[in-house]
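**Q** Sharing a structure, written as C-alpha cells. Questions coming.
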Amino acid sequence: NTISKNARLAAHKAASKALSGSIKNKTTKAYMMFSDSLSGNGAHILRGAQEVLGTSFPIIGGFAADELSFQKTYQYLNNDIYTDSVVGVLISGNINIGIGKAHGWQPIGKPHKITKARSNIVREIDRKVAIEIYEDYLGKSFQELKNLGIGKLGISYPLGIKMKGGKDYLIRTPLKAEDNGSLLLSSEIPEGEDVNIMIGDKNLALAAARTACLEAARGIQKQNIKFIAVFNDIARYNLLRRDSIKETELIKEVFGRDIPIMGFYTYGEYASSNVYGQQKEWSNFQNQAFSIAVFSE
C-alpha cells in the first residue's frame, strides 16, 4: 500500500513486516522509520506504526527530503528503491537507546484559530482562507506566495500548536498552497486548535540542539556508545547555513569526538518526547526539530 492511498495502512503493514522478520528471543528496543514526505499525513503514518508496536514504543526517523524542491522523494530498502512509501527496521538486542528532540522556534503575534480543516489540509484560519495568514504576516499576495513556493516559506515560518501543560510548541510546516487558498501541511492540525506563526533564531536553535543531546545522554548514562543517528529538519540548515556545523560540534562535545554519526536532513521527524511533562515517553511527529538517537551497550 502507498501512503497516498492510505498512509495509516501503509505504515501498519511496514511495521508488521519488520516485526515478523525480527530476531526471535531478542528484546525489541526501537523502530527506525522513514517515509515519503509529500504524499501523506505524518501523524497518520505514525499512528499506523503505533497500532503494531504500541503508543509508548520508541519510534525514530524522519520524512525523506529532496533539497527543498518539494517534488518527489525516495525511500530505500535492501536492493529496492521506492517512492510514496514507508520503510522501517526494528532494532533488537542487548543495547540501550537514548533519544532527544527539541526545535527552538518561537511564536510571534497572537494565536489564530483553525476554523476549517480535514486531516492535513487547513482550509480556514480565523474564518478566512488559510493562506491569508501568510499574506498578512509576510505582506505578499497569494500569487507572490505561490511563485516563491509556500514550502520554502513555510519552513521559515511554520505553524505552531502550544502543547497542553507546557511551554513547548508542536510544529507543522505548510508544504503547498492549493488554488483555493487551502494549506497542505506536513501533518494534521485539528479544527478548533489555536496556532501561532513561528520563527527561528540561530542561538535558540543551537540551544535546542544541545538540549536534545543532553536529553539523549540522560537516557544512556554515557555507557559504551556505539553510534549516533541524527534526523535534522532541513529548516534548521536553512536557518543556520554555515553555522549548521555547530550542531555536529555539539554532538561531539557531549558524546565524544570518535563516535560514528549518521543521519540526514528531513522534512519532518519521528521521535519520542515527554507527554505534557509526565514521565511516560511516547513518539510523535514534529517539524523543525533536531532529533538524536544514541545507541550504546
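The values are calculated or read from the model by the stated rules, or taken from the named source; none is laboratory data. Note that the structure is a prediction, hence the values are computed from the model and not measured. All Cβ positions, glycine included, derive from the backbone under ideal geometry; neighbour counts span all protein chains shown.
**Q** Answer yes or no: is there a residue in region 140-147 that is out of contact with any helix residue (DSSP H, G or I) (no Cβ under 9 Å at 6 or more places or on another chain), of a type in the set (S, T, N, Q) and in contact (Cβ under 8 Å) with a residue 60 or more places away in the chain.
**A** no
**Q** Okay, next question. Regarding L148, is this residue hydrophobic (A, V, I, L, M, F, W, C), loosely packed, with under 15 Cβ neighbours inside 10 Å and either in contact with a Gly (Cβ under 7 Å, 6 or more places away or on another chain) or not assigned by TED's automatic domain parsing to the domain that holds L38 (or both)?
**A** For L148, the condition - hydrophobic (A, V, I, L, M, F, W, C), loosely packed, with under 15 Cβ neighbours inside 10 Å and either in contact with a Gly (Cβ under 7 Å, 6 or more places away or on another chain) or not assigned by TED's automatic domain parsing to the domain that holds L38 (or both) - is met.
**Q** Kindly indicate whether any position in region 154-162 is assigned by TED's automatic domain parsing to the domain that holds V122, among the hydroxyl-bearing types (S, T, Y), in contact (Cβ under 8 Å) with a residue 60 or more places away in the chain and surrounded by 23 or more Cβ atoms within 10 Å (Cβ to Cβ).
**A** Among the residues of region 154-162, not one is assigned by TED's automatic domain parsing to the domain that holds V122, among the hydroxyl-bearing types (S, T, Y), in contact (Cβ under 8 Å) with a residue 60 or more places away in the chain and surrounded by 23 or more Cβ atoms within 10 Å (Cβ to Cβ), which makes the answer no.
Residues checked against (1) modelled with pLDDT of 95 or more; (2) within 16 Å of E51 (Cα to Cα); (3) not in a loop (DSSP other than H, G, I, E, B):
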residue: L9; (1), (2), (3): yes, yes, yes
residue: K13; (1), (2), (3): yes, yes, yes
residue: K17; (1), (2), (3): no, yes, yes
residue: S22; (1), (2), (3): no, no, no
residue: M32; (1), (2), (3): yes, yes, yes
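**Q** Still on this model: Need pairs with beta-carbon distance below 6 Å; first residue more than 24 Å from L239 (Cβ to Cβ) and within region 186-198, second buried (at least 18 other Cβ atoms within 10 Å of the Cβ); sequence gap 6+ or separate chains.
**A** E188/N41; E188/A43; E188/N120; E191/I114; E191/A117; E193/I114; E193/I161
**Q** Now for a separate question. When you check I121 against the structure, is it outside the structural domain of N232 (by TED's automatic domain parsing) and touching a Ser or Thr at 6+ places or on another chain (Cβ under 9 Å), yes or no?
**A** Yes; evaluated as a whole, the condition is true for this residue.
**Q** While we're here: Could you please let me know if S39 is surrounded by 23 or more Cβ atoms within 10 Å (Cβ to Cβ) and polar (S, T, N, Q)?
**A** Criteria not met by S39.
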